[in-house]
Amino acid sequence: GNTIGPGNVISGNTSDGVYVYDYTGQYIDNTRIIGNLIGTDSSGTVAVPNGGEGVDIGVSGNVDPSGVSNTTVGGLAAGEQNVISGNVSHGVLLYDGNGASTFDGNAVIRNLIGVDKFGSAPLGNGGHGVLLGAGHDLLVGGTQDNAGNTIAHNALDGVSITSSGLRNKVLQNSI
């Protein structure tokens with residue numbers, strides 16, 4: 001949902017909290033992950049870690065055609081931000097493991113990553129806040145008012161870009 005209240009509590013799983021992956025050659029487009037508590041309890045202030053990433057979006061295996069495009073984690077409207085904190089690994093992982101022709105336009109907008117739902121208390125993830133592992137035209141933050149993410153208290157970098165990609169942008173975040 002995109003109003004305060006209907007979001008999910010996605011916590012305590014043995015692997016990732018949210019997993020959006022193309023590993024069968026089926027193209028995935030225009031997915032929205034909004035208004036959730038990922039890796040916390042229902043109060044958004046206590047860690048209940050997922051065993052992997054909070055949000056894991058990508059492509060793996062030897063599949064073609066393949067891709068995940070235009071997936072948005074968070075959003076600009078009230079209630080669309082996610083709290084992605086307390087997870088064992090990275091808060092958000094965008095990973096193109098096989099050089100898919102379509103792993104582009106994915107965005108992480110206006111989330112609280114590594115902090116509680118108030119954005120003030122430490123609740124870090126065990127890896128990077130956001131890890132970009134290849135892809136094109138990926139966005140962390142944005143140019144619109146309030147598009148930036150709050151990314152803090154994670155065990156590794158706030159935002160890490162580890163692989164080739166073109167036109168990826170990290171804009172107006174508080175890191």
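The values are calculated or read from the model by the stated rules, or taken from the named source; none is laboratory data. This one's a predicted model, so the numbers in the text were calculated from it and none came from an experiment. We place every Cβ from the backbone using ideal geometry, glycine too, and count neighbours over all the protein chains shown. Accessible surface is based on the protein model in full, side chains and every heavy atom, while ligands, DNA and RNA are left aside. Shrake-Rupley method; radii C 1.70, N 1.55, O 1.52, S 1.80 Å.
So the values come out like this:
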read-out	value
Compactness of region 34-175 as Cα Rg over 2.2 N^0.38 Å, two decimals	0.97
Net +/- balance of residues flanking residue 12 in space, Cβ distance below 15 Å, scoring K and R +1, D and E -1	-3
Mean accessible surface per residue for the chain, computed with a 1.4 Å probe while every protein chain stays in place, in Å²	43 Å²
Coordinate range along principal axes, alpha carbons of region 115-161, Å, largest first	32, 27, 11
In nm, spacing of pseudo-spin labels at residue 121 and residue 172 (7 Å Cα→C-beta vector)	2.9 nm
Assigned charges on the beta-carbon of Lys, Arg, Asp, Glu; the chain dipole about Cα centre (debye)	320 debye
Accessible surface of the chain [probe 1.4 Å, protein heavy atoms]: carbon and sulfur percent	49 percent
Built amide H within the under 5 Å cut-off of residue 140, gap 5+	108, 169, 170, 171
For region 85-175, size of Cβ-based charge dipole, Lys and Arg +1, Asp and Glu -1, in debye	100 debye
FRET efficiency, 1/(1 + (r/R0)^6) with R0 25 Å, evaluated for residue 155 and residue 76 via beta carbons	0.30
Relative contact order (percent, whole number), the chain, Cα cutoff 8 Å, 6+ residue spacing	19 percent
